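A short write-up of the structure that comes next.
The values are calculated or read from the model by the stated rules, or taken from the named source; none is laboratory data. All values derive from a computational prediction rather than experimental measurement. Note that we place each Cβ from the backbone using ideal geometry, even for glycine, and neighbour counts take in every protein chain shown.
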Amino acid sequence: MRILLIGTVEFSRKALLKLIEMKENIVAVFTKEKSAFNADYAPLKPICDEFQIPCYYVSKISDGINVKIMQNIKPDVIYCFGFSQLIPKEILCIPEKGVIGFHPANLPYNRGRHPIIWSLFLGLPETASTFFVMDEGADSGDIISHVSIPINYEDDAKTLYDKIATVALNQIEDITYGLKTNTIMRIKQEHSLANYWRKRNEFDGQIDFRMSSYAIYNLVRALTKPYVGAHVLFKGKKVKIWKVKEEHVLLPNIEPGKILDIDANTILVKAYDNAIRILEHEFDQPLKAGDYIL
């Protein structure tokens with residue numbers, strides 16, 4: 001089976017290595033040379049060079065030259081894992097077995113942008129690793145593989161990313177076998193149940209200590225590495241916050257944002273209800289108890 005891979009993030013890299021490990025016939029890879037959009041960008045060309053796989057850099061996947069190259073390559077299936085552009089019908093119709101997409105969410109719920117970030121920020125108890133046959137919509141095609149994944153309180157963006165990737169790589173093995181043997185079952189999505197998560201903006205990453213401690217904890221763990229990080233404002237400067245923990249305090253008369261204690265480079269700050277201890281941060285200005293972080 002002739003497989004063409006489209007992708008540009010860390011999961012794309014893992015998937016490519018998995019297919020190589022499976023000794024599959026990878027006839028081409030389409031990727032980006034660089035990406036400021038994807039915080040988890042990963043270069044695929046070095047792997048392609050090592051294993052002599054044709055690699056094409058693209059900006060817009062829908063450009064006519066890309067469509068023409070794919071038509072000439074004649075893949076049996078296209079795997080599109082980690083490429084934040086809609087695939088046009090001119091490409092969708094090329095492979096006989098379809099274009100297979102991946103979305104780390106519980107489809108038909110939670111289509112759209114930043115599924116790992118929003119799942120953590122909203123404090124969802126679980127997510128999923130879902131593969132589907134792509135159509136002209138966003139994450140709306142028939143589901144071919146779905147595995148639920150619990151989200152633990154201790155999980156952050158990195159641990160959840162890795163959990164999902166581990167499950168998804170096993171699914172890729174099963175999907176590839178199913179495509180070869182024509183045993184894949186397709187389940188139509190119930191579109192009436194669907195919601196779409198929007199693109200995150202910079203303000204979404206700002207910690208407001210008028211939020212509950214749990215909401216702040218969720219925001220920080222959602223945006224920690226490999227993503228861009230949450231931030232606070234201190235004396236008009238944006239400061240990245242990478243890791244925090246909740247601490248339960250009974251201080252009903254203390255305003256949110258007040259620094260309660262500084263210990264061994266950790267900072268305890270009053271939230272709306274409890275307190276947040278900032279464990280990993282990028283403060284480069286002196287802080288003291290009694291200061292306020294906005």
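Of the residues making up the range 123-170, those that are of a type in the set (A, V, I, L, M) and part of a strand (DSSP E or B) are ALA128, VAL133, ILE143, ILE144, VAL147, ILE149. Would the range 17-29 turn up any residue that is at pLDDT below 95, of a type in the set (Asp, Glu) and in a loop (DSSP other than H, G, I, E, B)? Scanning the range 17-29 turns up no residue that is at pLDDT below 95, of a type in the set (Asp, Glu) and in a loop (DSSP other than H, G, I, E, B). Of all residues in the range 129-141, none that is without any contact (Cβ under 8 Å) to a residue 24 or more places away in the chain has its Cβ atom under 6 Å from the Cβ atom of a residue that is buried (at least 22 other Cβ atoms within 10 Å of the Cβ) and basic (Lys, Arg), 6 or more apart or on another chain. Whenever a residue of the range 273-294 is under 26 Å from LEU250 (Cβ atoms), its partners that are of a type in the set (Gly, Ala, Ser), lying with C-beta atoms within less than 7 angstrom and at least six residues away or across chains, give the pairs ASP273/SER212; ASP273/SER213; ASN274/SER213; ALA275/SER213; ILE276/SER213; TYR292/GLY257; ILE293/GLY257; LEU294/GLY257. Just so you know, in the range 205-223 the residues that are assigned to a helix (DSSP H, G or I) and more than 16 Å from the chain's Cα centre (by Cα) include one that is nearest to PRO256 (Cα to Cα), and it is SER213. The residue list SER119, SER145, SER140 contains one member that is out of contact with any Asp or Glu (no Cβ under 9 Å at 6 or more places or on another chain) and at pLDDT 95 or above, which is SER140.
Does CYS80 meet the test of being within 21 Å of GLU10 (Cα to Cα), assigned by TED's automatic domain parsing to the domain that holds SER192, within 17 Å of the chain's Cα centre (by Cα) and at pLDDT 95 or above? Walk me through how you get there before you give the answer.
On the way: within 21 Å of GLU10 (Cα to Cα): yes; assigned by TED's automatic domain parsing to the domain that holds SER192: yes; within 17 Å of the chain's Cα centre (by Cα): yes; at pLDDT 95 or above: yes.
Answer is yes for this residue.
Restricting GLU246, GLU255 to those that are acidic (Asp, Glu), over 24 Å from the mean Cα position of the chain (by Cα) and assigned to a loop (DSSP other than H, G, I, E, B) reduces the list to GLU255.
May I ask you to verify whether THR181 is over 15 Å from the mean Cα position of the chain (by Cα), assigned by TED's automatic domain parsing to the domain that holds ARG113, surrounded by 14 or more Cβ atoms within 10 Å (Cβ to Cβ) and of a type in the set (Val, Ile, Thr)? So THR181 fails the test.
So is GLY101 touching a Cys at 6+ places or on another chain (Cβ under 7 Å), modelled with pLDDT of 95 or more and either outside any helix (DSSP H, G or I) or surrounded by 17 or more Cβ atoms within 10 Å (Cβ to Cβ) (or both) or not? Walk me through it before giving the result.
Values: touching a Cys at 6+ places or on another chain (Cβ under 7 Å): yes; modelled with pLDDT of 95 or more: yes; either outside any helix (DSSP H, G or I) or surrounded by 17 or more Cβ atoms within 10 Å (Cβ to Cβ) (or both): yes.
In short, yes.
Within the range 11-33, residues that are under 15 Å from MET70 (Cβ atoms) and in the same structural domain as GLU173 (by TED's automatic domain parsing) reach partners that are in a helix (DSSP H, G or I) and at pLDDT 95 or above with beta carbons closer than 6 Å, at six or more positions or on different chains, in the pairs ILE26/LEU19; VAL27/ILE73; ALA28/ILE73; VAL29/CYS48.
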